[in-house]
Structures are given as C-alpha cells and as structure tokens.
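Everything below concerns the one structure shown next.
The values are calculated or read from the model by the stated rules, or taken from the named source; none is laboratory data. Values in this document were obtained by computation on a predicted structure and should not be read as measured data. Cβ sites come from the backbone with ideal geometry, for glycine too, and all protein chains shown count toward neighbours. Remember, those area values only see protein heavy atoms, side chains included, never the ligands or the DNA or RNA. Shrake-Rupley method; radii C 1.70, N 1.55, O 1.52, S 1.80 Å.
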Amino acid sequence: MDLVRPGDVLAKSVLWGDGQVLLAEGAVLNERTIARLKGLGILYVYVEDELTSDIRPEDFLELDERIRLISLHRGFLREMQRLYNRSKDPDSLVVPQEWREELSSRVKDLIKALRRCSSRMIEVFDIRPREDYIHNHPANVAVVAGAVGLYLKLPEEQLEALVLGSLLHDVGKIPFLEEALQEDRPLLFSPSPSMARHPRLGYEILRRSDLPLLSAHVPYGHHERFDGKGYPRGIKGEEIHPLARIAALANQYDLMTGGTFAHPPVRAEDAVEALMAMGDSVFDPRVLEAFVHVVAVYPRGVWVELNDGQRAVVVSNNRSLPLRPVVRPILKKGGKLIAGTSVDLAQHRNLVVRRVLPGIKRA
Ligand SMILES: [Fe+2]
C-alpha cells in the first residue's frame, strides 16, 4: 500500500467478506480512497502496471463458492450464538439437526469445487478489510486445509471430516466470542484461561451434536504444536490427530495473512516464509511439505530479488518446485524500466530467489 499512488488503477476488486464490492476493479485511486483502504487495515492491492499487465491475480476458488461458504458460516454462527444466549450453558450447546445437514452438504460441494481447481495454487485470498476476518477466516481455513488434504490424497471420509472440522474449528469460542476476538493472534503461547478452553469445548460441541469423531478432533487439536508446546493438552508429534495437524497450519496461515483484531496482517509470501522457518518444531513436516505445494511461496505479481542482483516479477509458479517460480526480470534501459524475457527458475538452477521486495518504485 505504501507504493500506491493517486491515479493508480485497481487490477483486482477489494471485497467485504460477504462478497460485496468495496472498491471495484478498474477504479482509479485517489488520496481519499488510499487513506480509506489503509484505515481498513488493507495491506496491499493489485494495481495496473504496463510492465506486468498480463500477470493477472486469479482467485483460487470460484468466488460464488466462497461466498456461499462464508454466508453459511455467518448464519451458523448467528444461530449458535442465539442458542448459547438462551441457555448460557456451554456444556449443553448442540449443533441443530438442520445445520448439521446443511453443513455437510456444503462441505461436499466445497470438496467438489476444490477438486476442480486442484492444479492451481493458492496465491491470495480476497483482499479484505481486517475487521472482516471473523466471517472469512473459518472458510479460508477450510479451503486451505481441504487443498492440503487433497494434495495428500486423503480418503473421502477423512477429507470431509477435515473440511467440516476446519470450518467449525473455533466453534468452542462461542461462549466468549468478544473476548476471543480481542485475543486471537497467530501462535499464541500463553492463552487466557477461556481461550485455552475453546479447543476442548469445540470438540465437545461436535461430539454432543453427533458429528463425526474425526471432525471433532480438528477443533480439539488445532492449537497443538508438533514440539508439544501448544494447547490445550500439550501433546506432540504423532499424538496430535493427523487432521488437526493440517488444520493447525491452515489456521496459522490465515491468521497471519488475514490479520485479526489483535494482530496486523502480513503479506502471503512473508507468512509462508515465516511458517517454513518455524518448520518442524511447530508443524508436521509432511503437512508443511504439502502446504508449500498448494500455497504459493511467491504469488504471481510479487517482486523478488535474484541471487545475481536482478530484480524480477513472479509470472507463474511451478507446483512441483515451489521455490522455483517463473520470473520476469525488470531491466533499466535509458533511465526507463522495461520487462525482460521470462526465466523459468526450474530450468536455471544457478538462479534463486534471494528475497521478496516490498514492490518497486517506478520513478
Ligand atoms: Fe482457535
């Protein structure tokens, strides 16, 4: 956002979580709209640029599929809050029958949609206001976890349980939602007592509701760490349910990139790098390996510096070699920036990405 100037043209719409357009593709930015976007906690936008005009950010999942998922979860959350407010008893909270049916049929549709886009990589979700994360977050965790599960070729029953459990991973926060929203941040080591309760509460709600045990393990284990330093049980490695290990990584990725009330968002590429750096101590190495084949380390349109000092823009990704994207060097000729010929780093093993650049000043 720091490099955006008045007069720049948006190349991708900025949306609210329910799919409503906040600022449409093609809009010309001015001082006021730039200040508004920054004020909403938006970290970056795509703008038109003649050097990169053919590199279009692409949504991973069809927008209408995401919107259906988000609005279903919104309705579910509202209903569960209403039920809780009636009894004020977390130990009697149950997911109503009609919601169980609705959720499991939506999960089946989502898995079909994920299969349709299984050759793509997740690059960026909707560019969204930070305040909207409560509605986007559960859907995004379900999408990332489902994509990782598909990559790992999980059997259908496990895949459905993973996606359902991921969509409901924070259902145990319902009794103290306001408090949880203020506290929610990635890799929290010492949660407040109520926050520390939400994984088990989530497990109990799902079990009491006769939802599959496999799904219930996802909320239960999504804050455990591979090294045993997570919560609520502090179990480690193989003791953590395999589906929960996938959801744990998907949850951290989306908390980082989307930001929460308590934590500013970071760019997708920085989040992936940070998660890779945490590596095996926090996450299951097998899940981490699958994750970088599914979520782009260097999303299209991102500026990078190569080890020979060239600056380049990422054109596309190699799913099999996630650290070796296709890049287009940007050269300076006669004081002007021009686009060079694209280079596939999978074919040029002497060239590597040294670091991600925040952007490039064009003047
Ligand atoms: Fe959580």
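A few comments on the model shown:
- Neighbours by Cβ (under 6 Å, 6+ apart or cross-chain): first from segment 210-221, at negative phi; second open to solvent by 50 Å² or more (accessible area, probe 1.4 Å) and away from the ligand (no atom under 14 Å from the Cβ): Ala216/Arg207
Listed here are the residues, each with its yes/no results for (1) of a type in the set (S, T, N, Q); (2) under 19 Å from Leu323 (Cα atoms).
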{"residue": "Ser209", "(1), (2)": "yes, no"}
{"residue": "Ala244", "(1), (2)": "no, no"}
{"residue": "Asp254", "(1), (2)": "no, no"}
{"residue": "Glu289", "(1), (2)": "no, yes"}
{"residue": "Trp303", "(1), (2)": "no, yes"}
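- Residue within segment 187-195 that is open to solvent by 20 Å² or more (accessible area, probe 1.4 Å) and under 25 Å from Leu103 (Cα atoms) present: no
- Scanning segment 169-195 for residues that are at pLDDT 90 or above and either among the acidic types (Asp, Glu) or within 11 Å of the ligand (Cβ to nearest atom) (or both) yields a total of 5.
- Any hit, segment 281-290, residues being within 27 Å of Lys38 (Cα to Cα) and open to solvent by less than 10 Å² (accessible area, probe 1.4 Å): no
- Only listed residue being touching a strand residue (DSSP E or B) at 6+ places or on another chain (Cβ under 6 Å) and open to solvent by less than 30 Å² (accessible area, probe 1.4 Å), chosen from Glu269, Glu224: Glu269
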